[in-house]
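This report concerns only the one structure given below.
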Amino acid sequence: MTSLILRTVARVSLHLTLLFSVFLLVSGHNAPGGGFIAGLVAAAALVLQALAFGVEHARRMVPVDETALAALGLLLAAGTGVAALVLGQPFLTSGLLHLDLPFWPEVKISSAFFFDLGVYLVVVGMVLQVIFGLREA
Amino acid sequence: MSGLVVYALAALGVSAGLALARLLLGPTAQDRVMASDVLVTHVVAALAMLAILFRDAVFIDGVLVVTLVGFVGTVAYAQLVQRG
């Protein structure tokens, strides 16, 4: 049904696109990017697989159910906010953790990153659910 | 240097206008799909020009996003047209 050119391009571009989505997710703290855009790019990579190889093949690439993925992301994003409440701060207060690892530059982990990761998972799960559902309809 | 980039952006604007006319007028669905793909290419070119004009590498991220996502959109349109 699909052409050889499309299948070859889809196979090559999958890893590049997913890597770029991780870059967008991580760089989103100080530059354009962030969880939403990164999630859309990752979903676009998987949608291209669905277009080239069929929805069943793309579903096998994501070992988790899309609804569970979105729910996990929502839990993570909400958990970041609740964690601040537990520590006696206002909801969604962000914290910054400095790690000094040996033989490694200083690592800064902000709690906003985990919120962004939750948004990423929600967007990937939702978009895949919608597109796969439309393709199968 | 930046004057040249402004001229290039103006030429892109004219060209994008022509592609938009094809998108609106296009007698067949294939014409419209091609026109929308051409418009996506124009956005990529315009973002590259803006990256040169403002000396800001952030626009290159935008170029990558539009290239990847626009490609998926064109493939989806093409399959839709193929099915009839």
At a probe size of 1.4 Å, how large is the accessible area of residue A:115, to the nearest 10 Å²? 80 Å²
With axes computed from alpha carbons, what is the tilt in degrees of helix A:66-86 against the longest principal axis of chain A, rounded to the nearest 10 within 0 to 90? 10 degrees
Not counting ligands, DNA or RNA, and with a 1.4 Å probe, what is residue A:136's accessible surface area in Å² rounded to the nearest 10? 100 Å²
Largest first, how would B:42, A:98, A:57, A:15 line up by accessible area (1.4 Å probe)? A:15, A:98, A:57, B:42
In terms of modelled amide H atoms, which long-range or inter-chain residues lie less than 5 Å from the amide H of residue A:28? A:34
Shape call for chain B, from the Cα gyration tensor axes a ≥ b ≥ c (a/c under 1.5 means rounded, otherwise prolate when a/b beats b/c, else oblate), comes out oblate
Between rounded, prolate and oblate, where does the protein assembly as shown land on the alpha carbon gyration tensor, with a ≥ b ≥ c its root eigenvalues, rounded for a/c under 1.5, else prolate if a/b exceeds b/c? oblate
Amide H contacts under 5 Å for residue A:110, restricted to residues at least 5 apart in sequence or on another chain and with H modeled in the peptide plane, are A:97
In range of the label at residue A:74: residues from the stretch A:98-128 whose backbone nitrogen is under 17 Å from the point 7 Å along Cα→Cβ: A:115-128
Using the charge dipole of the protein assembly as shown (Lys, Arg: +1 at Cβ; Asp, Glu: -1 at Cβ; taken about the Cα centre), state which of A:75, A:110, B:42 has its Cα farthest towards the positive end. B:42
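The values are calculated or read from the model by the stated rules, or taken from the named source; none is laboratory data. No experiment lies behind these values; they were computed from the predicted model shown. So basically every Cβ, Gly included, is an ideal-geometry build from the backbone, and we count neighbours across all protein chains shown. Accessible surface areas use protein heavy atoms only, side chains included; no ligands, DNA or RNA. Shrake-Rupley method; radii C 1.70, N 1.55, O 1.52, S 1.80 Å.
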